[in-house]
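Visitor: Structure below; questions to follow.
All of the numbers you see were taken from the coordinates with simple rules; none came from a lab. Since the model is a prediction, treat every value here as computed from it, not as a measurement. FYI the Cβ positions are ideal-geometry reconstructions off the backbone, even for glycines, and counts take in every protein chain you see.
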Amino acid sequence: MGGLFGGYLAKAKKEVFLIDVKRDAIETMAAKGLRIDDKTGGSQVVPVHAQTDPAKVGPVDLVIVFVKCMHTEAAIRSAKPLLGPETVVMTLQNGWGNAARLGEIVGKERIVTGLTYQSSTLLGPGHIHHTVEGLTIIGELNGDITRRLERIKELLNSAGFEVTLSGNITKDIWEKLLMTVCELPPAALLRFEVGKLIEHEGTFQLMRGLLHEAVIVAKAQGIDLDEKKHWQIIVDTEKKYAGSKASMVQDIENRRRTEIDVISGAIVEAGKRVNIPTPYNQVMVWLVKSLEETFDS
């Protein structure tokens with residue numbers, strides 16, 4: 001996802017630096033550019049600035065964080081050379097809780113948060129596949145529509161991304177969280193492609209249980225979500241993107257740690273705070289983590 005956003009911003013002639021700890025990816029992009037395949041079968045190579053050391057870049061206007069949740073704190077600590085007095089830090093990461101972690105380290109006043117329905121798959125070092133085009137929503141933690149939000153929207157629009165500004169970004173993030181909670185962990189555990197979960201009675205009912213827990217936990221926190229509406233969105237999404245592979249399925253297939261802690265784990269932790277049991281989501285956390293433990297063996 002970092003390659004997707006960074007690549008299209010670079011193509012739009014913006015000054016962009018892609019930073020990663022993976023030396024093979026950085027060396028490939030620095031030497032050959034970033035290859036982006038699209039869903040129509042087309043491909044393009046975009047020249048990019050790529051770097052492993054943020055200190056060699058220096059202060060920037062905007063830092064976009066796209067690392068997996070378990071790397072959020074380490075990534076932003078290493079990125080401190082990128083921060084000038086007015087630098088904004090924006091997270092479009094999956095799940096819930098990344099903005100708070102970033103704010104604890106760099107200051108809440110720097111943070112812009114959001115979500116994106118864009119989707120991209122890593123095919124190899126310096127090579128990605130842009131699989132889904134979708135809306136990106138960004139907002140301030142306090143709900144204000146600020147000039148810096150407008151500027152970020154203009155920036156992303158110039159690179160071809162559709163962006164909406166939100167006065168209630170917490171609700172927007174939880175709306176996407178409902179979808180990921182229901183679809184990703186069951187699909188990852190069963191290695192199901194998108195669309196398969198609604199074909200079987202057991203997984204169909206499991207998704208309904210996961211959704212119900214997430215909705216009642218959200219409502220207990222003052223986030224009013226329509227369970228019936230979001231169930232229909234989930235079913236429609238399963239049908240629309242049938243045959244594709246969700247990100248957590250790809251993580252499991254490649255024996256990588258998942259983002260279960262900020263997905264099902266976020267529902268479990270929120271449930272504990274508001275004294276609401278979340279057994280369906282707790283089981284997803286236990287099972288996915290148990291599967292991850294086998295990757296080290």
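Visitor: With r as the distance between the Cβ atoms of E86 and K196 and R0 = 51 Å, compute the FRET efficiency 1/(1 + (r/R0)^6) and round to 0.05.
Guide: After rounding to 0.05, the efficiency reads 0.60.
Visitor: At 0.36 nm per residue, and after removing the present C-alpha to C-alpha distance, how many nm does the segment from E150 to T52 gain when stretched out fully?
Guide: 32.3 nm
Visitor: Output the antiparallel fraction of DSSP beta bridges having both residues in the stretch 2-167, as a percent to the nearest 5.
Guide: Restricted to the stretch 2-167, the bridges split so that about 40 percent are antiparallel.
Visitor: Which shape class, rounded, prolate or oblate, goes with the stretch 2-167 when its Cα gyration tensor gives a ≥ b ≥ c as root eigenvalues, a/c under 1.5 marks rounded, and past that a/b bigger than b/c marks prolate?
Guide: oblate
Visitor: Can you compute the radius of gyration and Dmax for the chain, using only the Cα atoms, both in Å?
Guide: When restricted to the Cα atoms of the chain, Rg and Dmax are 18.9, 55 Å.
Visitor: Lys and Arg at +1, Asp and Glu at -1: add these up for the other residues within a Cβ distance under 13 Å of A55 and post the number.
Guide: +2
Visitor: To continue, here is another question. With Cβ to Cβ distances under 12 Å as the rule, what net charge do the other residues near G195 carry (K, R +1; D, E -1)?
Guide: So the environment of G195 carries a net charge of -1.
Visitor: What pairs in K22/K240; K32/K196; K68/K240; K108/K171; K196/K272; K13/K240 have C-alpha atoms more than 28 Å from each other?
Guide: Violating the 28 Å limit, Cα to Cα: K22/K240; K32/K196; K196/K272; K13/K240.
Visitor: Between the stretch 194-273 and the stretch 41-120, how many Å separate their Cα centres?
Guide: 25 Å
Visitor: Using the alpha-carbon atoms, what tilt in degrees (0 to 90, nearest 10) does helix 147-158 show relative to the longest principal axis of the chain?
Guide: For helix 147-158, the angle is close to 80 degrees.
Visitor: Just add up the charged neighbours of K219: K/R +1, D/E -1, any other residue whose Cβ is under 15 Å from the Cβ of K219.
Guide: The answer is -1.
Visitor: Let me ask you something else. Pulled fully out, how much extra length does the chain show between D24 and S244, if you take 0.36 nm times their separation in residues and subtract their Cα-Cα distance?
Guide: Taking D24 through S244 to full extension adds about 76.5 nm, to one decimal.
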